[in-house]
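Undergrad: Have a look at this one before I ask anything.
The values are calculated or read from the model by the stated rules, or taken from the named source; none is laboratory data. Predicted, not measured: the structure shown is a model, and the values here were computed from it.
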Amino acid sequence: MAIAAYTYDKLPAAEQQAPPNEGHLVAALEWAEPEAGQRDSY
């Protein structure tokens, strides 16, 4: 995959310094623990 070779240090400096947006953080957390949202519905 082409994306596999793309690393953080190759990002432009502005992108490295930019904080992630809220939507990206939520998506990453949901991806990491997809069952977490289901526990709240019990």
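Undergrad: Please specify each residue of the range 4-17 satisfying the condition of being assigned to a loop (DSSP other than H, G, I, E, B) and either under 13 Å from the mean Cα position of the chain (by Cα) or of a type in the set (Ser, Thr, Tyr) (or both). Walk me through how you get there before you give the answer.
TA: Step one: list which residues in the range 4-17 are assigned to a loop (DSSP other than H, G, I, E, B), which gives 6-7, 11-12.
Answer for the range 4-17, where residues must be assigned to a loop (DSSP other than H, G, I, E, B) and either under 13 Å from the mean Cα position of the chain (by Cα) or of a type in the set (Ser, Thr, Tyr) (or both): Tyr6, Thr7.
Undergrad: On to the next question. Scanning the range 18-36 for residues that are part of a helix (DSSP H, G or I) and of a type in the set (D, E, K, R), which turns out modelled with the lowest pLDDT? Explain how you work it out, then say what you get.
TA: Going residue by residue through the range 18-36, those that are part of a helix (DSSP H, G or I) are 22-32, 36.
Narrowing the set further to residues that are of a type in the set (D, E, K, R) leaves 22, 30.
Working: Glu22: 92, Glu30: 89.
Across the range 18-36, the extreme among qualifying residues is Glu30.
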